[in-house]
Every structure is written in structure tokens, then in C-alpha cells.
Amino acid sequence: MVYLQAMHLTKSFSEKRLFEDVSFSIHKDQKTAFIAKNGAGKTTLLRIIAGLEVPENGRIIMRNDLNIGYLEQNPVFDNNSSIIDSIFAKAQKVPGIIKTYNEALLSEDKERIAEATDMMDRNDAWRFEEHIKQVLTHLDIIQLNQKMGTLSGGQQKRVALAAVLIGEPEILILDEPTNHLDLEMIVWLEKYLQRSKATLLMVTHDRYFLDRVCNDIIELEGGNVYRYKGNYAYFLEKREQRIDNEKAVIEKAGNIYRKELQWIKRTPMARTAKSKSRVDAFDKIKEQAFAKTFQRQIKLDPKTTRIGKKIMEINYISKTYGPLKLFENFNYVFKKNEKVGIIGKNGCGKSTLLNILAGCDKPDRGDVDVGETVVMGYFRQEGISFKPEQRVIDIAKDIADVVKMSDGSKVSASEFLKQFLFSAEMQYTSVAKLSGGEKRRLYLMTVLMKNPNFLILDEPTNDLDILTLNVLEDYLQNFKGCVVMVSHDRFFMDKIADHIFAFEENGAIKDFPGNYTHYLAYKKRNKPHSTHATEKKQKSERIKKETPKAKKLTFKQQKECEKLESEIQTLEKEKSELEKKLYENNALSHEEILKDTKRLSDILKYIETKSDRWLELSMLYD
């Protein structure tokens, strides 16, 4: 079943044509990734599909009652609104149904209550509260009454993602959903989308995420749409084949063009109809011969400043924020050309550690000793502020008029910009006209222009297109210096990092000898079994082994055992009654549901505690 069709879409931004005559369709149950270079209009296209922008030509055809959830790349909220109100405002369908149901209960109108109850049943709204709790917990959204204006951009993005997922739309349109999520959150979202029945269209640079979630890829390149029915690995293989085929066609057309050009030059134009048709065909051959096969890639080849023996020594540094201990007594000595990835949950102190290494912050205790030959290049997560009216060329020239390359040659700032895909025309446009990805690429260029030999990268993959990431990875693999990076992109981390600094509990930072995937496998192998059944079995075996047997219980122990049996029986009865009430009584108010759910949770804890004690006593009797 076709859910939506994009028909002959055309859109420009200022004088720049983003795309022209683009058509494709999205079918029910497809999970589709949209891939294009920065500045090609990926975000604009998603906004057109979501109904937030209008194309110059073409249209979107979809079912009128189709429920769409759209996650913007940079969501906007009312600063005075609370987190919970913002989530309910964006996830309108089910919360609206619950609100209608509660209003019906207050009205005591039986017909209205029956209608609202039926609507709750049809939309499975009874499990909505549990669904909310699951999503918010995994996205680390806790203080629900906090005002949106007090949140960072990353926290607001997570709230927006929660709102979209909670709404359970038929079509999910996600623009860079993994930005601002830590690695655990990304793994959870990956599994959530794999299980989800929603049809998916998303833009993402996370290749592991794309590979595991999507079964369909749409590529926009050179104004043409290419479709690949498979995952990311399949896309890479087929894209390479397409480019090779296009090169072969252009090369063949070039050979014919050269021969035809010689014929045209030596042959008078006023000839027979046959000659005229050959002249007309020449124009088509010329167009083919000069066609572009694919967009030129970034060339990253600036010189790396020579680095001495002493690079950087971290001497037992500690840092706390109020009661929160970020890290304590961390000690490390960097060696030549090593590449370190830093992982940990959001808020654990990864960016703080980078700021201290870069000299932008100071530890509470300890110090960082940097070698004299170290030239630092720091790529910050938040980027740098460009004045909107600044031209691209002026930003580059403010750093250097000439850039040294790895082969010893020197290029002008303008030529260096061209290597980063900023054409002569783009160089003289204002920064305000660049896309988010183009601004990140310009920022990366300003870091590399300084010829650093120690790179500190805080989320460098955000907003960069996949093809640019491949080039950046190749550059970092061959980089003759040290790299320290924080990234939620597992593919990027696996490809670059030699070893991992892992933030663990109580301010500990573990130096792990391997990449992220190796670390994840290590944690999984060493994770203690935590299921209730396993814990019970282990506890029973331990008591049997460690406790000497008695012929019979003491009077006091026997009375305690009898009391526990009676209490457990009473609790089990109350548990059954509450479960029946919650699952069979559709007339309960929202407040009653909350109260009974909390009581049921408490009862389960009491049963477990009392059962454990009864088990201990029973093991004393042989």
C-alpha cells in the first residue's frame, strides 16, 4: 500500500536550486533512509512532506487521515511550557483521548462515558501511561515540570523525540534522530524502531543505526533520485556500480564526441538532411560527454605540524559539579599517533574532560602538562559562532591567507575552500545561506587550516553527510598526530579509535584496549545475571551451602514463619484483586489508576521481601 507520493518536487533556497522534479513513493511498513550531500535539501524535503513548507512545483499525495509524526532537526518549543505539557502538545492523539475520557467521567453522563471508553479501547490508551514512562526513562527525561527554556538544545531534541514516539504515528519522519543521544539511548532507539509497526522515513548519518533499522534507501544526487532496496552495505556496493557505469557511458560518449568534433570542423554545414541529423545528434553526444558522474568529494590533505616526544600528560585530575563526581584521579600519558575514543552516558563529563585537555577549563585537583610542540585543534560540539553576514572567504582568510599541504605545497585560502566543496560562487555568499551541514564542514575546515598535530573532536559527525564522513574517517586514520574524540556514532568510533576511555561508576575512567564494539562485547560478557529467577536460585543455593541444618525451628522462628505465610497469602489476594480491578474495570479515573498502580508495585516488593525471609527460615529446617 502506498502511504505517500512525492510528485515532481522542485525547491530553491535564495538563488540556489536545492532539487528539481524529484519523485518517489513511500509504502506501508517500509523503513527508508534518505541520503544526500550537505546542502542538497534533505531537511527541506522532510519539511515539505510534513506539510511545514510548500514546494515551488509538484505536490505530496497522501491519505487525509494519515497520522504523521515529525522530528525536526532543531525543534522549537515555548520556553515557558513544561516538559510534560510540551510532550502532550506535540503528541496530540492519545493524550487527547485520555483527556476526553476524564472529562466524560466528571460529567457522569453514561452515554458519554461509554463512548469515551470505547475510544480508549480502540486506541489502546490504557497502556499509554506505561508507554510514556518507558520512552521518558530511556531518553533520560526525568524532571517533567522543568521549563523548556532551561533545557539545552540536546535536551530539547530528546523531548521532541519522546513526543513523536509517544504519539505512535503511522508514519515517522525523523531528521537526525541520533543527534544528542548517548550510545545506550541509540541502541534502545534502534531496537524500538526495529519493533515498531510505523512506516519510517529518516535522515541519519549513523551508519550502524541505518544498517540495522532501514530496509530501503533513497539517494538524491545531481538532481536525480536513486533507490536501493537493501541496507547500507548494499547501498555502498550498488552506488559504486552505478558510478562506474556512469563513468563508462561518459567515457564512451567522450570518444565519440572527439571523432564527431573533427567531422564537424572539416565538413560544411549546409548539407543533406542526413548530415543535418548528424549535426543534431552531435549536441546530444556533447551533453553526455560533459555530464558530471557524481559530486566531487572533499579532499582533506593539510600538513600536520611535527610533534615532539612529550605530548600530553594527565596527572591525577578530578572534577565535580556540586554533588556530582564526574571523574577522580584520572591519570594518563599520551603517546605518538594514538587515537582515543571517549564513551559514557550524557552528563557524565565527557565534554568537560575535553575542555580540560584543551585548556578551556581547569580540574579541581591535578593538572594537564602539554608538550611545547603540540598544536591543538579543537572541534567543539556546539561549533563556533559565525556572524550571519560574514562571507565564507572572509572566515577562511581571517585564519590564514595560505595553507600548507602534506606534500609541502601551499594553496590559497580560496583554493583550500574549493577542496572542501565551497565553489567560487559559494565563497562569496554569506554564512546565513549555508545549511547546517555546510556550516559544520566550514567549521571543520577552520580547525584543519591551523595544521594541528593534536585533534580534540567533540561529536564531529553531527550534521555531516555520510559521504563527507567517509572522507573524514580516511583522513583521521592517516593523521600523523593524536586524536581524542567523543562521538555517539559507533561506526565512526570503531573505524578510528585504537582504545577507549570509558566513563564508569563513581568517577572512574577505564582505559580499554579496543574499539567500541570490543568494549560492548566485554561488558556483555561480564554483566552479572540480574533476572529474578536467577537471583532466587543463587540465594537458595548460597543459604543451603552456608547455613548449618537444624532438626527443627525454634519457637520464635516457627511463629515468624507462620506469620510470613499468612501475610504473603493476604498480599497475594490483594494483588489478584488489584490486577482484576485495573484490567477489567474501564470506569476507573486517571487518579485511581495511578493510585492502584503504585499500590500494586508496593505489594510486589513486599511479597518478594517476605518470600525471601520465608525461604531463609525454611532452609534452616532439614
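The values are calculated or read from the model by the stated rules, or taken from the named source; none is laboratory data. Bear in mind the structure is a predicted one, so any value in this text is a computation, not a measurement. So basically every Cβ, Gly included, is an ideal-geometry build from the backbone, and we count neighbours across all protein chains shown. Note: areas computed on protein heavy atoms with side chains; ligands, DNA, RNA excluded. Shrake-Rupley method; radii C 1.70, N 1.55, O 1.52, S 1.80 Å.
So what is the relative contact order of the stretch 134-219, in percent, for Cα pairs below 8 Å that sit 6 or more residues apart? Intermediate results must be reported in sequence, preceding the final value.
Values: 65 pairs, mean separation 25.5, N = 86.
After rounding, I find 30 percent.
Take peptides 157-167, 404-414 and line them up by average Cβ neighbours within 10 Å, highest first, as a rough protection proxy.
Most protected by this proxy first, the peptides run 157-167, 404-414.
The stretch 164-199 to the stretch 1-25: how many Å between their Cα centroids?
25 Å
Is the C-alpha gyration tensor of the stretch 305-401 telling us rounded, prolate or oblate? Criteria: a/c under 1.5 is rounded; beyond that, a/b larger than b/c is prolate, otherwise oblate.
It comes out oblate by the Cα gyration axes.
If packing is taken as the mean number of other Cβ atoms within 10 Å per residue, what is the order of 71-82, 25-36, 107-118, highest first?
Most protected by this proxy first, the peptides run 25-36, 71-82, 107-118.
Could you tell me which of SER430, VAL484, ASN462 has its Cα farthest along the dipole of the stretch 424-503 towards the positive end, charges placed at Cβ (Lys, Arg +1; Asp, Glu -1), taken about the Cα centre?
SER430
Once Lys and Arg get +1 and Asp and Glu get -1 on their Cβ, which of PRO55, SER23, ILE68 lies farthest toward the positive end of the dipole of the stretch 1-113?
SER23
Roll a 1.4 Å probe over the protein heavy atoms and report the accessible area of THR150 in Å², nearest 10.
For THR150, solvent-accessible area is about 90 Å².
Would you kindly give the portion of the calculated P(r) for the stretch 140-180 that falls above 15 Å, as a percent of all Cα pairs? Present the calculation step by step, with values, prior to reporting the outcome.
Values: 349 of 820 pairs.
The calculated P(r) of the stretch 140-180 puts 43 percent of pairs beyond 15 Å.
Given Cβ point charges of +1 (Lys, Arg) and -1 (Asp, Glu) and nothing else, what value in debye, to the nearest 20, does the dipole of the stretch 73-191 about its Cα centre take?
280 debye
Which net charge results when you count Lys and Arg as +1 and Asp and Glu as -1 among the other residues whose beta-carbon is under 9 Å from that of GLU72?
Net charge around GLU72: +1.
Packing-wise, with mean Cβ within 10 Å as the measure, how do 343-356, 373-386 rank, highest first? Write out the running numbers ahead of the final one.
Numbers: 343-356: 20.4, 373-386: 16.4.
Highest mean packing first, the order is 343-356, 373-386.
To the nearest 20 Debye, how big is the dipole of the stretch 410-460 about its Cα centre, given +1 on the beta carbon of each Lys and Arg and -1 on that of each Asp and Glu?
100 debye
Treating only the Cβ of Lys, Arg, Asp and Glu as charged (+1, +1, -1, -1), what charge dipole size does the stretch 129-229 show about its Cα centre? Round to the nearest 20 debye.
Numbers: 11 positive and 15 negative charges, 20 e Å.
Dipole of the stretch 129-229, to the nearest 20 debye: 100 debye.
Could you point to the residue in TYR228, GLN241, HIS205 farthest towards the positive end of the stretch 200-249's charge dipole, with +1 and -1 charges on the Cβ of Lys/Arg and Asp/Glu respectively?
TYR228
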